[in-house]
Amino acid sequence: MTPNDLQGYLGKLIANKLMLSVMIWGPPGVGKSSVVAEAAKAHELGFIDLRLSQLAPTDLRGLPVPKDGVSRWYPPEFLPREGRGILFLDELNMAPPALQGIAQQLILDRRVGSYVLPDGYFVWAAGNRKEDRGSVFDMPSPLANRFLHLEVLPDFDAFKTYAIERELHEQVLAFLSYRPALLHKIDVQRPAWPSPRSWEMASKLHGLKLRVGAAVGEGCEAEFEAFLSIYAKLGGIDDILKGKGRKIAFPEEPSERYAIAVALSVRVKTSDQALASFRWLKERAAPEWVQLWATNMMVQLRARGQITVFAAAVAADADLQAFLRDYQHLLTGGK
């Protein structure tokens, strides 16, 4: 499933208070932990993220303390005592078997020793698959059988929405729109390779005019730099957004078309700018380029509370209405 599918699935478990343990599988950098954190935030739940591969058995089991001739186990402070939330056991299958055994008690019995997990807490976990070469251990069959198993894979549309909402650099987004296959590409021979996580790091580096190869690898960096040379030739974006792009032609080169369609969409701040770019594209570009622009632009306007104003303005424009009668799917993202 895509990250968006996973978000919806987890949301239904929360809404229906279905306290089943969930194991989320997927390649590194795809956003497993981010999706779980977003689910907790969206439903106003507490969120405790435990990286099991970084813990020792006593970190989770607690320490034995003698009292009246009896050893009592004092649980760690990071385990919740009350309330509602998600206890997220990340990197579960990277933890050694001894630690997995203790985690199994928490997952199956919702307790470790004298510690009892509050009723309002979900227990979810995540880990990489064997084919991801993440130095993982086999999961014991009794433990695996108690989980719901969900596999999440990279998805550019989900990343695009995430990137626009968090204002990742427009040139990174334009490049990945042109080369979506480079969103996630594991290279086991090199330490740096592209993933949604590393592209977010690359966006920060690029914003500071630093090379992005440290995050996504030298091969991706070379392609990105070549794309930037094309992007640098674009002109008139701000004029188009102001409604002054009448003399500006739509590019012929495909990479330039991706660049200008994405640039127009991610720079939109108001419904007036959206209308101006919509009119400019409608008169010059094929419908697929209008759709690319529209799917990105709608995310921008929705985040700024401008979507209703924009829809009303489009409804009042006879030319745009005539165009939409032929291509009604465009402003709904192709749905």
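A simple spin-label model places the labels of Arg284 and Leu208 3.6 nm from each other, with each point 7 Å out along Cα-to-Cβ. Applying both filters, DSSP loop and at most 14 other Cβ atoms within 10 Å, to the trypsin sites (Lys or Arg not before Pro) of the range 199-279 gives Lys209, Arg211, Lys233, Lys242, Lys244, Arg246, Lys247, Lys269. Using only alpha carbons, the chain has a radius of gyration to Kirkwood radius ratio (Rg to Rh) of 1.08. Restricting the range 216-325 to GluC sites (Glu not before Pro) that sit in a DSSP loop and have at most 12 other Cβ atoms within 10 Å of their own Cβ leaves Glu252. On full extension, the segment bounded by Arg302 and Ala56 gains 84.1 nm, given 0.36 nm per residue less the C-alpha separation. Taking a straight line from the alpha carbon of Lys204, these aspartates and glutamates sit under 20 Å away, with near neighbours fewer than eight places off in the same chain left out: Glu165, Glu167, Glu170, Glu218, Glu221, Glu223, Glu225.
Pairs Lys41/Lys185; Lys130/Lys185; Lys12/Lys185: which exceed 21 Å Cα-Cα? Please report the intermediate quantities before stating the final value.
Working: Lys41/Lys185 29 Å; Lys130/Lys185 16 Å; Lys12/Lys185 31 Å.
With Cα atoms farther than 21 Å apart: Lys41/Lys185; Lys12/Lys185.
Helix 97-109 and the longest principal axis of the Cα set of the chain meet at an angle near 90°.
Listing Ile14, Ile240 from fewest to most neighbouring C-beta atoms within 10 Å gives Ile14, Ile240. Once each part is reduced to its C-alpha centroid, what is the distance from the range 296-318 to the range 162-177 in angstrom? What the calculation gives is 20 Å, centre to centre. Projected label points at Arg267 and Asp109, each 7 Å from Cα along the beta carbon direction, are separated by 6.3 nanometres. A simple spin-label model places the labels of Ala312 and Lys130 6.0 nm from each other, with each point 7 Å out along Cα-to-Cβ. Ala222 sits among other residues whose Cβ lies under 15 Å from its own Cβ, and their net charge, with Lys and Arg +1 and Asp and Glu -1, is -1.
Axis of helix 196-207 versus longest Cα principal axis of the chain: the two differ by about 50°, to the nearest ten degrees. Can you tell me the 0 to 90 degree angle between the C-alpha axis of helix 287-303 and the longest principal axis of the chain, rounded to 10? Helix 287-303 and the main axis of the chain meet at about 60 degrees.
Charged neighbours of Phe175, selected by a Cβ distance under 14 Å, balance to -2 (K, R count +1; D, E count -1).
For His149 and Leu18, compute 0.36 nm times the residue count separating them, minus their Cα-Cα distance, and round to one decimal in nm.
Numbers: separation 131, 0.36 × 131 = 47.16 nm, distance 1.48 nm.
That works out to 45.7 nm of additional length.
Footprinting exposure proxy ranking of Ser34, Ser141, Ser21, fewest other C-beta atoms within 10 angstrom first, gives Ser141, Ser34, Ser21.
Each value in this text was obtained by applying a stated rule to the coordinates, not by laboratory testing. Computed from a predicted structure; not experimentally measured. Here Cβ is always computed from backbone atoms with ideal geometry, including for glycine, and neighbour counts include all displayed protein chains.
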